[in-house]
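Right, one structure below, let's go through it.
The values are calculated or read from the model by the stated rules, or taken from the named source; none is laboratory data. Computed from a predicted model, the values in this text were never measured in an experiment. As a convention, Cβ positions derive from the backbone with ideal geometry for all residues, glycine included, and neighbour counts pool all protein chains shown. Ligands, DNA and RNA are stripped out before the accessible areas are found, and what is left, the full protein with its side chains, is counted by its heavy atoms. Shrake-Rupley method; radii C 1.70, N 1.55, O 1.52, S 1.80 Å.
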Amino acid sequence: MISVLAPLVRGLCINAANAPRIVLAGTGPAPKNALVIDLESSFKNDGENSNTLDEAAAAKALSEAYAAWEFEMSPSGTGPSEVVKKRPSSIVLKRGTETLGVFWIDKDIDAARKRKEVQDDSFIEEILPPVLDTETVLPGLTSSDRNNVVKNKIAVVTGGAQGFGEQISIGLAASGALVFIADLNLEGAENLAKKINGAQKRTAAIAIKADVTNEESAEELFSAIAKEAGGLDLCVSNAGVLQAGSVIDQEIQSFQFTTKVNYVGYFIITKFASHLLRLQHLSAPRWKTDIIQINSKSGLQGSNKNGAYAGSKFGSIGLTASFALELIEYNIKVNSICPGNFFNGSLWSDPEKGLFVQYLQTGKVAGARTIEDVKAFYEAKVPMKRGCEGTDVMRAIYYIIEQEYETGQALPVTGGQVMLH
């Protein structure tokens, strides 16, 4: 129940402030200054399903109760067009005399955790800026908010402990987001989270074990995110594998494994991410959220003796376009990013098992005598003469989030190696 109620509460807080919020779930008695909302009428009462929550009815009840509670006052020393909004720092949901959950709210997870720990239920006061004069400057025509595109937002990155996933996790955290690093390699995710939190001097990353090919694991992942932070703003579906092989002799197990992780795993992650994002949307209907799949240039063109990988990536672009059409109803944008080869990543540069070593040993690059020769051969295929880096992918992520009028796209980030037609 908490994993359903938390995103509804977070959506409520987002809708009121038009800004991301952290919502921590808890238990215990209602704090003195809490907003208490009874959801008794939001439960279905048809005998067999008397304990089933009507999510839309609950969102409506939350919104009405919040609107009735919230009040504003003019602060001293401010202009006539400014107001202070007082908002609750804790919300208690009940069903009659039963407490369903106590939720603590603040702008970031450390502040919310502190409130919860010391039971600080003092009101949150926010000065709202003056209304923009749209006759002078239309919203969106300036770049004033560009640096804050993910600030205080909640993100999850699958396969986030290594490769592009590591770069994305670091980049999002450095830009002010709270990042859940979801990976089968829990130790690697924990080490990265520790590194990020030390660098940012705050709780900027949380490690969590997840298997994108397993529905139960994916459901637990998003339930844990809801309980830990209240909801989600950005899901980066990055987890992927590559097992190259000729169609003539590749083992079916290898083909199926690649397809299961890259294609089926993307479906599973989107399925359970959208469950959470839809709940949040019910009480924050104007708030846009994003699902971004990290695809590949191999999703835009074939890949010699690498059909399983290219096929899974081609198919994933079809999923992106289809998910986008369906999920925009809930203001969820779905897009793919198609990076070029990450030559400096372990897939290519690992000194023992990397593709540069493999291609040198198998003679795939005629005349190559060293790893540097192989790398130079592949860099020469790129008009910009270098491989794709994490910074290139991060710029694409920020663009997709900021660009509210785009969904269902596959954005190439290939240095000109693959161009859209």
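Structure notes:
- Residue check, Gly307 modelled with pLDDT under 95 and under 22 Å from Cys235 (Cα atoms): no
- The single residue among Asn191, Asn197, Asn214 that is under 26 Å from Leu355 (Cβ atoms) and of a type in the set (S, T, N, Q) turns out to be Asn191.
- The numbered conditions (1) within 30 Å of Phe272 (Cα to Cα); (2) touching a helix residue (DSSP H, G or I) at 6+ places or on another chain (Cβ under 7 Å); (3) part of a helix (DSSP H, G or I) are all true for Val374 except (1).
- The set of residues in segment 219-263 that are assigned to a helix (DSSP H, G or I), touching a helix residue (DSSP H, G or I) at 6+ places or on another chain (Cβ under 6 Å) and open to solvent by 40 Å² or more (accessible area, probe 1.4 Å) comprises Glu219, Lys227, Phe255, Tyr263.
- Residue pairs meeting the criteria (Cβ under 9 Å; at least 6 apart or on separate chains; first at positive phi, in segment 330-348; second open to solvent by less than 30 Å² (accessible area, probe 1.4 Å) and among the small types (Gly, Ala, Ser)): Asn331/Ala284
- Selected residue (criterion: most open to solvent (accessible area, probe 1.4 Å)) from residues of segment 282-304 that are closer than 18 Å to Leu234 by Cβ and among the hydrophobic types (A, V, I, L, M, F, W, C): Trp287
- The requirement of being touching a strand residue (DSSP E or B) at 6+ places or on another chain (Cβ under 6 Å), within 23 Å of Arg278 (Cβ to Cβ) and assigned to a helix (DSSP H, G or I) is fulfilled somewhere in segment 399-412, by at least one residue.
- Within segment 354-367, considering residues that are modelled with pLDDT of 90 or more and not in a helix (DSSP H, G or I), the one nearest to Cys388 (Cα to Cα): Val365
- When residues of segment 196-218 are limited to those that are assigned to a helix (DSSP H, G or I) and charged (D, E, K, R), the one least open to solvent (accessible area, probe 1.4 Å): Glu215
- Matching residues, segment 26-37, being under 31 Å from the mean Cα position of the chain (by Cα) and either at pLDDT below 90 or open to solvent by 20 Å² or more (accessible area, probe 1.4 Å) (or both): Gly26, Thr27, Gly28, Val36
- The condition of being more than 25 Å from the chain's Cα centre (by Cα) and either among the acidic types (Asp, Glu) or surrounded by fewer than 16 Cβ atoms within 10 Å (Cβ to Cβ) (or both) holds for only one of Glu372, Glu402, that being Glu372.
Listed here are the residues, each with its yes/no results for (1) assigned to a strand (DSSP E or B); (2) closer than 20 Å to Ile168 by Cα.
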residue: Ala324; (1), (2): no, no
residue: Ile328; (1), (2): no, no
residue: Lys333; (1), (2): yes, yes
residue: Ser336; (1), (2): yes, yes
residue: Phe343; (1), (2): no, yes
residue: Glu352; (1), (2): no, no
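- Residue within segment 96-106 that is assigned to a strand (DSSP E or B), loosely packed, with under 11 Cβ neighbours inside 10 Å and modelled with pLDDT of 65 or more present: yes
- Scanning segment 264-287 for residues that are farther than 11 Å from Tyr330 by Cβ and either hydroxyl-bearing (Ser, Thr, Tyr) or in a loop (DSSP other than H, G, I, E, B) (or both) yields a total of 4.
- Of the numbered criteria (1) basic (Lys, Arg); (2) surrounded by fewer than 17 Cβ atoms within 10 Å (Cβ to Cβ); (3) modelled with pLDDT of 95 or more, the one Arg146 fails is (3).
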